[in-house]
């Protein structure tokens, strides 16, 4: 089995937040020491580490290329190109139980048949594993519906990630199997996306 690709630790929000908190606690301890030179040097080092972690935590809000799709931050813009994919295999959408409100909003703003945008390099909330998100396209917006199954998402991610870096995203047909909660979805993907297992 292929090892799953993960978000680098230094880009993971809980890690950066933890660094800021730990550095703050250690800084408070050094401030209480009765060694002025040691405390000043240690506080300078700790302040630098904390400032770098805080900048890395906030920078993606202002620098588009550093943004990652964590829990549905993908949005349509003039820089995004959507391309339909050839399809033949039908796959279930997993983890949709966490996105029932979003699916309901897509149903309210769109009509069947639905189209889904596959978003590579996505991460679920507080997770580091790269996943391929399934976002329903409705009313000119996207709504997070879940993810492709883990058994296949790494191969699809490898095919889609290079395209996404240049603003090209793939769309596939999506179907909602029931008309009330809990909603279950399926998407159709093609051989060019799934590829062959390594």
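Any read-out appearing in this document is the output of simple, stated calculations on the displayed coordinates, not a laboratory observation. In this text, all values refer to a predicted model and were calculated from it rather than measured experimentally. Please note: Cβ atoms are built from the backbone with ideal geometry, for glycine as well, and neighbour counts cover all protein chains shown.
Here are a few things to note about the model shown:
- Using alpha-carbon coordinates, inclination of helix 36-58 to the longest axis of the chain, degrees: 10
- Crossing angle, helix 13-32 versus the chain [Cα axis fit, 0-90 degrees, rounded to tens]: 10
- Rh by Kirkwood over Cα pairs, then Stokes-Einstein D for segment 1-158 at 1.306 mPa s and 10 °C, µm²/s: 86
- Label-to-label distance, nm, for residues given as residue 24 and residue 126 (7 Å Cα→Cβ offset): 1.8
- For segment 85-157, the alpha-carbon radius of gyration amounts to 1.08 times the rule-of-thumb value 2.2 N^0.38 Å expected for a compact globular protein.
- Dividing the mean sequence gap of close Cα pairs (under 8 Å, 6+ apart) by how many residues segment 67-198 holds gives a relative contact order of 36 percent.
- Peptides 138-149, 89-100 ordered by packing proxy, namely the average of other Cβ atoms within 10 Å per residue, highest first: 138-149, 89-100.
- CD proxy at 222 nm, helix term only [per DSSP H run n ≥ 4: -39500 (n - 2.57); per residue of the chain; nearest 500]: -12000 deg cm²/dmol
- Anisotropy class assigned to segment 9-65 is prolate, per the alpha carbon gyration tensor with a/c at or over the 1.5 cut-off and a/b larger than b/c.
- The chain: most fluctuating residue of 22, 170, 187 per GNM, C-alpha cutoff 10 Å: 22
- The angle separating the long axis of helix 150-165 from the principal Cα axis of greatest extent in the chain is about 80 degrees.
- Cα gyration tensor shape for segment 139-198, rounded if a/c is under 1.5, else prolate or oblate: oblate
- Segment 69-194: C-alpha gyration tensor shape, a/c 1.5 cut-off, then a/b vs b/c: rounded
- Sorted by Cβ density within 10 Å, fewest first, the residues 63, 132, 41: 63, 41, 132
- The mean sequence distance of close C-alpha pairs (under 8 Å, at least 6 residues apart), as a share of the length of segment 9-65, puts its relative contact order at 46 percent.
- Relative contact order (%) - segment 143-197, alpha-carbon pairs under 8 angstrom, separation at least six: 37
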